[in-house]
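Single-structure report; data block below.
We did not get these values from a lab; they are worked out from the coordinates using the rules stated. Model, not experiment: these values are computed from the prediction. Counting neighbours? That spans all protein chains shown, and the Cβs are built from the backbone with ideal geometry, glycine included.
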Amino acid sequence: MRVLVLHCVRYESILYHLAIDHQNNDVVYIGLPDKLADIPSNLRCEKVSITGEKALYEEVESWLTDHPQKFDKLISVSEFELLTAAKLRERFGINGANYAQTEKVRNKVIMKQCVQNAGIRTPRFAHLTHWFKDQTVFPVAGKVVIKPLDGASSKYVTIFATAESAFDTLTQRTTGVPQLDAGQYDNFEIEEYCSGPILHIDGIVSNDKILIIIASRYINSLLDFANGTPSGSVQFETDKVFENWVSTILAATEIHNGAFHLEAIETDNGNVFLEIAHRVGGARISDTFELKTGIHPSVAEIKAHLDNDIQLNIKWDMDYLYGWFIFPGHHLAADKYQISGHEYLHDHPNVLHLNQLPLEQYLLKTVTYNEKRLPLAGIIRGQTTQELTNMLNEMYSRVKITSA
């Protein structure tokens, strides 16, 4: 098999050599020099360097045109390159998800329409361009949310008390979002704000069959994190009804093979679909997933893309559930931080991993979930979801991080 990899993510996060037999398959990695440098030097493969001066599609399309060859698979695990990968598959006749399918996991309006058509409850929503011209297409009382159609990490997500205040702020061009304040609405949607805990459901699907599903509940959301509050999540047990609900969403969005990361809001009247991504979840989700199942999700994802009928040797941990936490530093006024109240975590029996940024190291001033760049991050375990929830709430209360 000949495999082309759009290599845009840190190699250590994916570990391609555990998923692809490089001795018996011809693998070509194409990416920027710094990403290619992460690939183990003893790995049998070809490395193609691009400059980054043009769009990824243009550079890869140009190389494939100049070096004509037949690839059986084209793999991209970066959420931001899924549409590029789909366009390249169509252009060069490579097997895998096409552009129309991929839009269902990248365009939040198309995505929610597909899920809604399958009978799953979603927030009321509209494309922002349509709504700005005619507010009657989105009649709702209460809070509304404006977000990018293809965004991630809660970037440029804005909450308004009412639809009227959203319209007024857009009109006055005072949202604080550069595109919106420039009157550029094409890449945004508006939706009803639904109140309740946010869930993330992560898993692996092969040939339309869910092989693994792990559900977790955020204790403070990633939007809270972007706004300067610690965040994390804790695992909880699921049942067949819950899994059937997930299966319906996967079918509606045409995620047939690979990893998925689904987010929903837990309400008194059932779960409300928020969005789904065709990738492994971020932050420490991969770590807690592996602790619970014995399966590295990125490795399983690659295997599922290469073989549509894979078998996984799942080793369920029946004794513990797992959670993770991250404390932000991007919001602080200073470049360095000080911390207190965290000392008890160092010898806590249920804190499995604890990362602390050296006090002398400068803070990253943009939102990141990378535990090596955060003031404090870690992984915890507990015998029940409530025990994990209590641990995080106590941690949020006791640990104080301020500017140095």
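Working from Cα pairs under 8 Å separated by at least six residues, relative contact order for the chain is 13 percent. Annotation: amide H-H contacts under 5 Å for residue 219 (H modelled 1.01 Å from N, sequence separation of 5 or more, or interchain): 232, 233, 234.
For the range 46-98, the mean projected area of the C-alpha convex hull, equal to one quarter of the hull surface, is 3.8 nm².
Between residue 1 and residue 162, full extension at 0.36 nm per residue minus the direct alpha carbon distance yields a gain of 52.5 nm. For the range 244-398, the equivalent ellipsoid derived from the Cα gyration tensor has semi-axes of 31, 19, 17 Å, listed largest first. Each other residue within a Cβ distance under 12 Å of residue 326 adds +1 if Lys or Arg and -1 if Asp or Glu, for a net charge of 0.
Here's the list of lysines a cross-link from residue 112 could span, going by alpha-carbon distance under 17 Å and ignoring same-chain residues fewer than 8 apart: 104, 147. Placing +1 on each Lys and Arg Cβ and -1 on each Asp and Glu Cβ, with no other charges, gives the range 97-200 a dipole about its Cα centre of roughly 300 debye. Evaluated at q = 0.19 Å⁻¹, a Debye calculation over the C-alpha positions of the range 331-396 (equal weights, vacuum) places log10 I(q)/I(0) at -0.82. Using only alpha-carbon positions in the range 237-325, the gyration tensor eigenvalues give semi-axes of 21, 18, 13 Å once each is multiplied by 5 and square-rooted (largest first). Estimated from helices alone, the mean residue ellipticity of the chain at 222 nm is -8000 deg cm²/dmol (sum of -39500 (n - 2.57) over DSSP H runs with n ≥ 4, per residue). Computed over the Cα atoms of the chain, pair by distinct pair, the Kirkwood hydrodynamic radius stands at 22.6 angstrom. Kirkwood analysis of the range 122-163, using all unique Cα-Cα pairs, places the hydrodynamic radius at 11.1 Å. Over the range 126-192, the hull volume per residue, using the convex hull of the C-alpha atoms, is 73 Å³. For the range 67-202, would you read off the P(r) tail past 20 Å as a percentage of all alpha carbon pairs? Here the long-distance tail beyond 20 Å is 54 percent of all Cα pairs in the range 67-202. Computed from backbone phi, the HN-Hα couplings of the range 255-265 come to 8, 8, 9, x, 9, 9, 9, 10, 10, 8, 10 Hz, rounded to whole numbers (Karplus: 6.51 cos²θ - 1.76 cosθ + 1.60, θ = phi - 60°; Gly and Pro given as x).
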